[in-house]
Amino acid sequence: YLFPIRMRKNFEKDFLWEGLEEIRVRIGQPVEFLYGDRSDWVGEEVIVSQDIQEMLNYISSYSLFAYREEMKQGFITIEGGHRIGIAGQATLQEGKITGICPVGFLNIRVAHEKKGVAREIFPFLNCEEQIHNVLILSPPGCGKTTLLRDIVRGISSGCYGGIGKKVGVVDERSEIAASYRGMPQNDLGP
C-alpha cells in the first residue's frame, strides 16, 4: 500500500485498476486516476503535506535517504517497475540539485509490460544478420519505451524471426528494464 491509511478505504473492493496509467497525488487536490483519455478523482478528501510524507515513507520503506540519488533525478522506481515522479522545491548546492523538499506532488506511472508490440515493425528493423539503426519519435505517453523494450526482447530472443543475438542495454534511468534494487522488473529477453 502506497496511500495514506486515512484514504485506503477509497481503494477497496470494486475499484477500477484495469487500464490505469497514472495516479496523480497533489497537495490541495483529491487523488486523480488517469485512464488514457479520461480521468477520475477518488473520494473527496484532498491531499495534505502529511499524506505526501506518509506516502514517501511507504514508497521508501521508511528509508528515504537510500533513494536520494534517484530523487535528485525526480523519481523513485518501486517494485513492479512503477515509477513515481516527485515534484516540489528543489534544494541546490553549487548549482546542482541535492534533493526535493518539501515534496508537493507525486505522479505514479503504472508500469505495463506489453509483449508483441514490435511484431509489425520488426521486419523493417531486421536485414539479414544485421539490425538497422532506429530512431523512435512520438509525443509523451505513446509507448516509445514499451516499443523499445519489446524490440530489445525480440532481438535477444529471436522471437520475431531469426536467431537471438546478444544485446547490451544502457539504461541510466532504469526505464527500459524498470529495475528495482538492481533487479529488472521487465523481461528484456535472454
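Descriptive notes on the structure:
- Any chance GLY143 is over 30 Å from SER61 (Cβ atoms), open to solvent by less than 50 Å² (accessible area, probe 1.4 Å), in contact with a helix residue (DSSP H, G or I) (Cβ under 8 Å, 6 or more places away or on another chain) and without any contact (Cβ under 8 Å) to a residue 40 or more places away in the chain: no
- For the criterion of being surrounded by 13 or more Cβ atoms within 10 Å (Cβ to Cβ) and either hydrophobic (A, V, I, L, M, F, W, C) or modelled with pLDDT under 80 (or both), ILE5 fails.
- Test result for GLY104, over 30 Å from TRP41 (Cβ atoms) and either open to solvent by less than 60 Å² (accessible area, probe 1.4 Å) or touching a helix residue (DSSP H, G or I) at 6+ places or on another chain (Cβ under 6 Å) (or both): no
- Of all residues in the range 92-103, those that are closer than 14 Å to GLU69 by Cα have Cβ atoms under 8 Å from Cβ atoms of residues that are of a type in the set (A, V, I, L, M, F, W, C) and open to solvent by less than 100 Å² (accessible area, probe 1.4 Å), 6 or more apart or on another chain, in ILE97/ALA90; GLY99/MET71; GLY99/ALA90; ILE100/MET71; ILE100/ILE86; ILE100/ALA87; ILE100/ALA90.
- In the set (1) open to solvent by 40 Å² or more (accessible area, probe 1.4 Å); (2) at pLDDT 90 or above; (3) among the hydrophobic types (A, V, I, L, M, F, W, C); (4) closer than 15 Å to PHE75 by Cα, the condition left unmet by ILE52 is number (1).
- Residue match in the range 149-157 (condition: open to solvent by 60 Å² or more (accessible area, probe 1.4 Å) and either assigned to a helix (DSSP H, G or I) or on the phi < 0 side of the Ramachandran plot (or both)): no
- Options ARG173, ARG83, ARG109: the member that is open to solvent by less than 50 Å² (accessible area, probe 1.4 Å), among the basic types (Lys, Arg) and closer than 22 Å to ILE23 by Cα: ARG83
- Among the candidates GLU129, GLU69, GLU94, residue that is within 30 Å of GLY162 (Cβ to Cβ) and open to solvent by 60 Å² or more (accessible area, probe 1.4 Å): GLU129
The values are calculated or read from the model by the stated rules, or taken from the named source; none is laboratory data. Just so it is clear, the structure is predicted and the values come from calculations on it, not from any experiment. Because the Cβ atoms are built from the backbone with ideal geometry, glycine has one as well, and the counts that use them run over all protein chains shown. The accessibility values were calculated without ligands, DNA or RNA, using every heavy atom of the protein model including side chains. Shrake-Rupley method; radii C 1.70, N 1.55, O 1.52, S 1.80 Å.
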